[in-house]
Amino acid sequence: MPFRTLKPLTLALAVTVALAACQKTEAPDDAAAAPAKSAVDLASLSIPAISLQASDLDPGIPACQDFDGYVNSKWLAANPVPADRTTWGPFVVLAERSLEIQRKLVENLAAQTDASGTAKLIGDVWATGMDEAAVNAAGIAPIQPLLDQIAALESPQQIADFVAASYARGQGYLFGFGPLADFQDSSTNIAYATQAGLGLPDRDYYFDDKHAEVRAAYVKHIANVLRLAGADEATAAAQAGDVMAFETRLAKVSASSEQLSRDVSLYYNPVSVADADALTPNFKWSAFFAAQGIEAPAMFSLAQPDFHKEVSAMLADVPAATWQAYLRFQTIDGLSPYLSDEFAQENFDFYGKTLRGQAEMQPRWKRVLNTINGQMGEALGKEYVDVAFPPEAKARMQELVGNLSEALKTRIENLEWMGAETKEQALVKWAAFTPKIGYPDKWRDWSGLQTGRESFVANLMAAGEFNHRFNLSKIGQPVDKTEWAMSPQTVNAYYNPLANEIVFPAAILQPPFFDLGADDAVNYGGIGAVIGHEMIHGYDDQGSRFDAAGNFRNWWTEADMSGFQERTGRLVEQFNEYGYGDDMKVNGNLTLGENIADLGGLAVAYDALQKSLENKRVAQIDGHTPDQRFFMNWATVWRVNYKPEELKVRLQTDPHAPARYRAMGAPSNLPAFAAAFGCQAGDPMVRPADKQVAIW
């Protein structure tokens, strides 16, 4: 489980991730603290990047029968999931390479005796996190004061006050809370309170028979955590049952992953603080805002109101002892990865091994780096781009984004199924896209965060509270358009409909996505399709509900929306056909937004490639045409091995389809793919005319 500090609120659509937060100013002392570029030798990284290689192709598998098998089967067979991972493929390989670079950077920073600014912050967290002996010697002592407070809770009012105070410390238990642009006025941030409080991945885990074994293992895990904290066997077992019943009651009023991913309006329920107080009489939002030390706003979004009503009811009718057990477990479980070995191991045994099939815990250095990225990722990102992101990569990306943008404009203009009125609005939105490449133009100021070399947990708590204060300062303020929701060292990309922006962190701009030395076909099939994917998110089933300014507004005619939904419905049906047996099917509705983005993004990237090749004579490479290499690199991006347990979790909760079906789903709808490989009607990679999907 993640460290349960409050982070910038990220809604299912507010940051639509590609393929899988006061204003920032530069801290004046960062430049002097930055390591020299020679501190990291990129050629020395131990894991080679994945790239399209002719030797990886399997000629025994016809491309028109199984394109994923043709491109990826040999590599997948030779590259099983490492023991400390649950998947293995381009994203994880690049993440590992990024971690290697980051490790060299933080070791350099931690060794500086006179470090200041972000160099000191990063060095302190690294040094205390890597001091395993000190962490083990401390045991549970760093969080004992919190546990003592929980043990003293007796009345509903005391419990409500403790919960409110926990958020002020940057820790949260029952609900997510943070700033985000107002759906109706995207220029201003408001506060959002959303459902949370569950330890299992999705509400259906609490009810569906297929998750019964996971539920049993979770109850055992709860008991183990409470026992490690000092409860005897019988008490721990009884309290574990109470905690599970408590969470099950929350789950009954929680929306599922599918519901949240396919209806972004579930996040927006603007209410006054007085109306919120009336809705949840046992949890006063006026008191909550006061506990945060900020003035109560005129309005905030109390998302999923039935959830909050139930929390209020539970404050009145759930015994204090059960609340204590729940809060004690949540506190210990959320901090277990940063406590002594027995707590970290128990946390991994359930969330890593049982739930996701990870064979071994990651080495300590990776876990500490992941923690730094979670608490101060942008601070480390500034160090990362100094050594790992050449200016020529940004310039080439800007060129590619421009080319993809023009291709998308042409496709919108030529849509036969969309009327002129809606098309005009679609083009207004197109013209307003804001691309961000590599890293922020302004870096966040970390002045005021105090860390030291005494305690790992104390440093994390300080960072959690500092980040919460930073987020609180945004409520009621203009949205900072320079802000990023991902750090530069993150291997991913996203579209944010509330800002109508597409964002590409530096770390994804490597093979197989992007290669300065590769031919156009490879780059358009990799990062070009990613760029197109993010642009199309502005027009997927949820992004299309926001206008050019990022406001939640319908800009469609009724007839055009009906035509759009008919086409997206066929895409749902296509992905519902995919799976791994009857009990492990892809959910075409859950994955719809990403599938729309894949299909449209790949089509736009193909058009852009054709434009770049106009009037050029391009030779084959390794016997393959540019069109073939374009589609082959698209599939290369999606060569991913999964642990079986991880795949089960993703099929239930992930809005992205499994990689195999992303490699084949979009191409099978494109006549250009069939033409490139000479596929015929009836081939598995050629969808029948009446089932072929074309949207954007």
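The values are calculated or read from the model by the stated rules, or taken from the named source; none is laboratory data. None of these values were measured; they are calculated from a predicted model. Reconstructed Cβ throughout: ideal geometry from the backbone, glycine too, with neighbour counts over all protein chains shown. SASA here: full protein model, heavy atoms, side chains in, ligands and nucleic acids out. Shrake-Rupley method; radii C 1.70, N 1.55, O 1.52, S 1.80 Å.
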Exercise. So is Ser487 part of a loop (DSSP other than H, G, I, E, B), at pLDDT 95 or above and among the hydroxyl-bearing types (Ser, Thr, Tyr) or not?
Worked result: yes
Exercise. Looking at Trp638, Trp696, which one is touching a Lys or Arg at 6+ places or on another chain (Cβ under 7 Å), open to solvent by less than 20 Å² (accessible area, probe 1.4 Å) and either within 22 Å of Thr86 (Cβ to Cβ) or modelled with pLDDT under 95 (or both)?
Worked result: Trp638
Exercise. Do we have any residue at all in segment 540-560 that's of a type in the set (Val, Ile, Thr), open to solvent by 30 Å² or more (accessible area, probe 1.4 Å), at pLDDT 95 or above and more than 21 Å from Trp484 (Cα to Cα)?
Worked result: yes
Exercise. Right, Gln304: polar (S, T, N, Q), over 30 Å from Ser473 (Cα atoms) and surrounded by 19 or more Cβ atoms within 10 Å (Cβ to Cβ) or not?
Worked result: no
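Within segment 641-656, take every residue that is touching a helix residue (DSSP H, G or I) at 6+ places or on another chain (Cβ under 7 Å) and not in a helix (DSSP H, G or I) and give me the one that is least open to solvent (accessible area, probe 1.4 Å).
Checked segment 641-656; the qualifying residue least open to solvent (accessible area, probe 1.4 Å) is His656.
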Exercise. Which residue pairs have Cβ atoms closer than 6 Å, lie 6 or more positions apart in sequence or on different chains, and pair a first residue in segment 442-457 that is within 18 Å of Asp480 (Cα to Cα) with a second residue that is in a loop (DSSP other than H, G, I, E, B) and basic (Lys, Arg)?
Worked result: Lys442/Lys24; Trp443/Lys24; Arg444/Lys24
Exercise. Would a scan of segment 596-615 turn up a residue that is of a type in the set (S, T, N, Q), at pLDDT 95 or above and part of a loop (DSSP other than H, G, I, E, B)?
Worked result: no
For this session: Return a yes/no flag: does segment 313-329 have any residue that is polar (S, T, N, Q), open to solvent by less than 10 Å² (accessible area, probe 1.4 Å) and at pLDDT 95 or above.
Result: no
Exercise. Which of the residues that make up segment 363-384 are in contact with a Pro (Cβ under 8 Å, 6 or more places away or on another chain) and surrounded by fewer than 20 Cβ atoms within 10 Å (Cβ to Cβ)?
Worked result: Arg367, Gly374
Seminar exercise, completed: Checking Asn108, Asn189 in turn, the sole residue that is open to solvent by 10 Å² or more (accessible area, probe 1.4 Å), assigned to a strand (DSSP E or B) and closer than 25 Å to Ala462 by Cβ turns out to be Asn189
For this session: Quickly run through segment 600-619 and pick out the residues that are open to solvent by 10 Å² or more (accessible area, probe 1.4 Å) and in contact with a helix residue (DSSP H, G or I) (Cβ under 8 Å, 6 or more places away or on another chain).
Result: Tyr606, Asp607, Lys611, Ser612, Leu613, Val618
For this session: State all residues of segment 57-69 that are open to solvent by 30 Å² or more (accessible area, probe 1.4 Å) and either modelled with pLDDT under 95 or within 30 Å of the chain's Cα centre (by Cα) (or both); if no residue qualifies, say none.
Result: Asp66
Exercise. With respect to the numbered conditions (1) assigned to a helix (DSSP H, G or I); (2) surrounded by fewer than 19 Cβ atoms within 10 Å (Cβ to Cβ), which one is the sole condition not fulfilled by Ser261?
Worked result: (2)
Problem set entry | Members of segment 434-476 that are in contact with a strand residue (DSSP E or B) (Cβ under 9 Å, 6 or more places away or on another chain), in a loop (DSSP other than H, G, I, E, B) and among the charged types (D, E, K, R) | Lys474
Exercise. From the set of residues in segment 132-170 that are among the acidic types (Asp, Glu) and out of contact with any helix residue (DSSP H, G or I) (no Cβ under 7 Å at 6 or more places or on another chain), which is surrounded by the fewest Cβ atoms within 10 Å (Cβ to Cβ)?
Worked result: Asp148
Exercise. Of the residues that sit in segment 111-131 and are among the hydrophobic types (A, V, I, L, M, F, W, C) and outside any helix (DSSP H, G or I), which one is surrounded by the fewest Cβ atoms within 10 Å (Cβ to Cβ)?
Worked result: Ala111
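Only one of Leu460, Leu449, Leu427 is in contact with a Lys or Arg (Cβ under 8 Å, 6 or more places away or on another chain) and either open to solvent by less than 50 Å² (accessible area, probe 1.4 Å) or β-branched (Val, Ile, Thr) (or both); which?
Of the residues listed, the single one that is in contact with a Lys or Arg (Cβ under 8 Å, 6 or more places away or on another chain) and either open to solvent by less than 50 Å² (accessible area, probe 1.4 Å) or β-branched (Val, Ile, Thr) (or both) is Leu427.
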Exercise. If you go through segment 357-371 one residue at a time, do you hit one that is hydroxyl-bearing (Ser, Thr, Tyr), more than 22 Å from the chain's Cα centre (by Cα) and farther than 27 Å from Ala181 by Cβ?
Worked result: no
Problem set entry | Failed item, numbered, when Pro201 is tested on (1) part of a helix (DSSP H, G or I); (2) surrounded by fewer than 20 Cβ atoms within 10 Å (Cβ to Cβ) | (1)
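Within the bounds of segment 564-574, is there any residue that is closer than 25 Å to Lys394 by Cβ and assigned to a helix (DSSP H, G or I)?
As a first pass, look at segment 564-574 and keep what is closer than 25 Å to Lys394 by Cβ: none.
No, segment 564-574 contains no residue that is closer than 25 Å to Lys394 by Cβ and assigned to a helix (DSSP H, G or I).
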Problem set entry | From the options Ala223, Ala217, Ala240, residue that is surrounded by fewer than 20 Cβ atoms within 10 Å (Cβ to Cβ), hydrophobic (A, V, I, L, M, F, W, C) and either at pLDDT 95 or above or under 23 Å from Asp333 (Cα atoms) (or both) | Ala217
